[in-house]
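Structure in structure tokens, see below.
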């Protein structure tokens with residue numbers, strides 16, 4: 001899968017996740033305007049490509065692509081629940097990306 005399709009698959013997975021009190025307008029994406037003013041909770045996601053390794057010896061072999069998909073969770077300053085909302089949101093994000101799960105974008109895994 002290309003880096004583009006990998007990023008799109010991960011963003012689609014994030015947008016489809018059940019994260020309480022978060023809608024798509026509460027997520028900051030790279031190279032898009034976002035103003036967290038008057039928001040008590042919001043996310044920012046980043047796709048950071050790393051390396052590609054060939055997994056075979058022929059031109060039909062697949063590649064393994066590595067990278068980081070970072071989701072940062074922010075809360076407003078001086079909230080009355082300390083960091084509870086932030087930690088609950090982190091738990092919800094983590095449950096959307098469980099270990100050994102896979103996601104698909106345009107029929108590619």
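The values are calculated or read from the model by the stated rules, or taken from the named source; none is laboratory data. Note that the coordinates shown come from a computational prediction; the quantities given were computed from them, not determined experimentally. Here the Cβ is made from the backbone with ideal geometry for all residues, glycine too, and neighbour counts use every protein chain on show.
Going by the conditions given, is residue 22 part of a loop (DSSP other than H, G, I, E, B) and modelled with pLDDT of 90 or more?
Working: part of a loop (DSSP other than H, G, I, E, B): yes; modelled with pLDDT of 90 or more: yes.
Taking the combined requirement at face value, the residue satisfies it.
While we're looking at this one, here's another question. Are any of the residues in segment 26-33 exposed (fewer than 11 other Cβ atoms within 10 Å of the Cβ) and in a strand (DSSP E or B)?
No - not one qualifying residue is present in segment 26-33.
Which condition breaks for residue 11 when tested against (1) closer than 21 Å to residue 104 by Cβ; (2) without any contact (Cβ under 8 Å) to a residue 60 or more places away in the chain; (3) in a strand (DSSP E or B)?
(3)
With the requirement that a residue be farther than 14 Å from residue 40 by Cα and part of a helix (DSSP H, G or I), what does segment 75-109 give you?
Pass one, segment 75-109, residues farther than 14 Å from residue 40 by Cα: 90-109.
Across segment 75-109, the qualifying residues are 90, 91, 92, 93, 94, 95, 96.
Just to check your reading of the model, which residue among 108, 86, 13, 8 is at negative phi and either loosely packed, with under 11 Cβ neighbours inside 10 Å or at pLDDT below 85 (or both)?
108
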